[in-house]
Amino acid sequence: MIDLKILREDPERVRQSQKVRGESIEIVDQLLALDETRRSAITIFETLRAEQNVLSKSVGAAKGDEKSKLLESAKALSAQVKEADAARAVAEAAANAALLQIHNLISPEAPVGGEADFVVLEHVGTPRDFSTAGFEPKDHVELGKILKAIDTERGAKVAGSRSYYLTGVGALLEFALVNYAISSATKAGFIPVIPPVLVNPPAMEGTGFLGQAAENVYHLEEDDVYLVGTSEVPLAAYHMDEVIDGLPLRYAGYSTCFRREAGTYGKDTRGIIRVHQFDKVEMFIFCEPKDALAEHKKLLQWEKDFLDAMEIPYRVIDVASGDLGASAIRKFDIEAWIPTQNAYREVTSTSNCTEFQARRLNIRYRDGEVTKPVATLNGTLVAIPRMIVAILENHQQADGSVIVPAALRPFLGVDQLLPA
């Protein structure tokens with residue numbers, strides 16, 4: 001959640017942030033009114049409680065009729081205190097509910113607009129010209145069949161649409177990608193983590209995934225737990241309700257991720273680009289707020305290093321305001337070149353969430369004699385299905401074989417994937 005001090009002192013900044021995100025502006029004024037009601041209710045409650053404390057001491061010292069009168073007054077005042085406390089609780093709940101609807105304050109450097117209004121920051125590598133090799137590139141589904149690496153037909157039979165099996169070299173390619181990612185992250189100072197993929201409501205809400213992203217979250221109602229769409233959620237909640245030392249803390253979480261893909265009917269129905277279940281290695285950082293911008297640049301560089309190692313052409317984009325998640329003030333995506341689509345497609349992203357998630361999750365650090373919210377950042381190191389798509393399509397040969405990027409060969413044990 002945002003800092004209420006900013007809301008009170010500069011509400012126009014909050015209104016503008018909501019506007020460029022395409023979110024409610026009216027909620028800002030509603031929250032201002034609710035915040036004033038809450039503060040008034042707290043003042044009334046605390047004033048009455050202070051009077052009650054004074055009266056209690058007077059009762060203890062009084063005798064006879066005076067004591068009887070004071071006891072009657074104490075009884076009446078006790079009822080007022082209970083009533084004021086109830087009013088305070090209602091006011092606080094209403095204000096907190098409104099506060100959860102305010103998204104993080106967007107960076108002034110983020111492009112303004114919708115999904116298509118991103119800014120390309122750089123292109124790296126040159127898309128391969130398959131005509132010079134004398135053949136038309138096959139898509140990853142066809143290559144997956146030739147290599148017996150991907151089976152979407154049996155995936156659909158067993159689990160429904162947007163499901164798949166990775167088999168043989170496909171499964172081995174996943175293990176190689178994960179091992180390379182974890183090895184790289186560990187060398188960069190990240191602590192490897194295998195987190196839970198079932199989380200409770202406070203963890204999901206605290207990371208901002210029960211607002212605009214709720215439609216894509218799987219909820220198991222009987223147990224009131226959620227399947228995570230990214231290990232960002234359990235990694236962010238790892239230090240929930242704690243005061244932590246030794247910043248920055250960097251974690252690399254490997255987990256299965258689940259997404260309903262609501263609202264994507266007809267999009268990417270072929271293959272494994274957009275699926276309900278996939279594995280991913282996610283980087284997550286807790287740091288002091290003053291270091292967040294520098295840490296964001298580091299996350300982007302680690303992602304670029306990974307794409308460079310996979311020898312895949314890509315571009316880096318600055319995501320526009322209307323396409324940002326609720327927690328992020330700025331997000332960079334890396335999009336890999338997919339030859340058969342003649343387009344760049346997102347394979348990683350990294351977001352700076354400043355103190356927004358930490359305030360919700362109550363994660364703080366010591367700054368002298370006081371504690372303050374930490375900053376949190378996240379970045380995908382590798383999302384397995386899309387990286388497999390990019391590797392197969394970019395490194396394919398005319399006979400359906402695929403050259404393995406040099407960085408993966410020690411983990412895969414071969415330099416080429418051959419037709420089965």
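Data overview
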| read-out | value |
| --- | --- |
| Of the criteria (1) within 26 Å of Pro111 (Cβ to Cβ); (2) out of contact with any Phe, Trp or Tyr (no Cβ under 7 Å at 6 or more places or on another chain); (3) aliphatic (A, V, I, L, M), which one Met240 fails | (1) |
| Candidates Ser40, Ser24, filtered to the one that is at negative phi, assigned to a helix (DSSP H, G or I) and assigned by TED's automatic domain parsing to the domain that holds Gln80 | Ser40 |
| Residue check for Ala87: of a type in the set (Gly, Ala, Ser), farther than 28 Å from Ser327 by Cα, at pLDDT below 95 and surrounded by fewer than 18 Cβ atoms within 10 Å (Cβ to Cβ) | no |
| Members of the stretch 112-142 found to be in a helix (DSSP H, G or I), farther than 13 Å from Gly400 by Cα and under 33 Å from the mean Cα position of the chain (by Cα), listed by number | Glu115, Ala116, Asp117 |
| Residue match in the stretch 220-227 (condition: surrounded by fewer than 19 Cβ atoms within 10 Å (Cβ to Cβ) and not in a loop (DSSP other than H, G, I, E, B)) | yes |
| Identity of the residue in the stretch 90-124, charged (D, E, K, R) and farther than 25 Å from Ser40 by Cβ, that ends up modelled with the lowest pLDDT | Glu115 |
| Test: Leu299 is under 22 Å from Tyr180 (Cβ atoms), in contact (Cβ under 8 Å) with a residue 24 or more places away in the chain and part of a helix (DSSP H, G or I) | yes |
| Inter-residue pairs, beta-carbon under 7 Å, first under 20 Å from Glu232 (Cα atoms) and in the stretch 363-375, second hydroxyl-bearing (Ser, Thr, Tyr), 6+ apart | Arg364/Thr371; Tyr365/Thr371; Val374/Tyr365; Ala375/Thr354 |
| All positions within the stretch 296-316 that are farther than 19 Å from Ile273 by Cα and within 18 Å of the chain's Cα centre (by Cα) | His296, Lys297, Lys298, Leu299, Leu300, Trp302 |
| Qualifying residue in the stretch 145-157 (condition: of a type in the set (A, V, I, L, M, F, W, C), closer than 30 Å to Met1 by Cα and not in a loop (DSSP other than H, G, I, E, B)) | no |
| Wholly enclosed strands (runs of 3 or more DSSP E) of the stretch 327-414 bearing at least 2 residues acidic (Asp, Glu) and buried (at least 18 other Cβ atoms within 10 Å of the Cβ) | 330-338 |
| Which listed residue is closer than 30 Å to Ser17 by Cα, crowded, with 16+ Cβ neighbours inside 10 Å and either within 36 Å of the chain's Cα centre (by Cα) or not hydroxyl-bearing (Ser, Thr, Tyr) (or both), from Leu105, Leu70 | Leu105 |
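Rundown of residues vs (1) out of contact with any Cys (no Cβ under 9 Å at 6 or more places or on another chain); (2) closer than 25 Å to Tyr265 by Cβ; (3) surrounded by 16 or more Cβ atoms within 10 Å (Cβ to Cβ); (4) among the small types (Gly, Ala, Ser), yes/no style:
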site: Phe118; (1), (2), (3), (4): yes, yes, yes, no
site: Glu122; (1), (2), (3), (4): yes, no, no, no
site: Asp129; (1), (2), (3), (4): yes, no, no, no
site: Ala133; (1), (2), (3), (4): yes, no, no, yes
site: Val141; (1), (2), (3), (4): yes, yes, yes, no
site: Leu147; (1), (2), (3), (4): yes, no, yes, no
site: Thr152; (1), (2), (3), (4): yes, yes, yes, no
site: Thr167; (1), (2), (3), (4): yes, no, yes, no
site: Ala171; (1), (2), (3), (4): yes, no, no, yes
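The values are calculated or read from the model by the stated rules, or taken from the named source; none is laboratory data. What you are looking at is a predicted structure, and each value in this text was computed from that prediction instead of being measured. Counting neighbours? That spans all protein chains shown, and the Cβs are built from the backbone with ideal geometry, glycine included.
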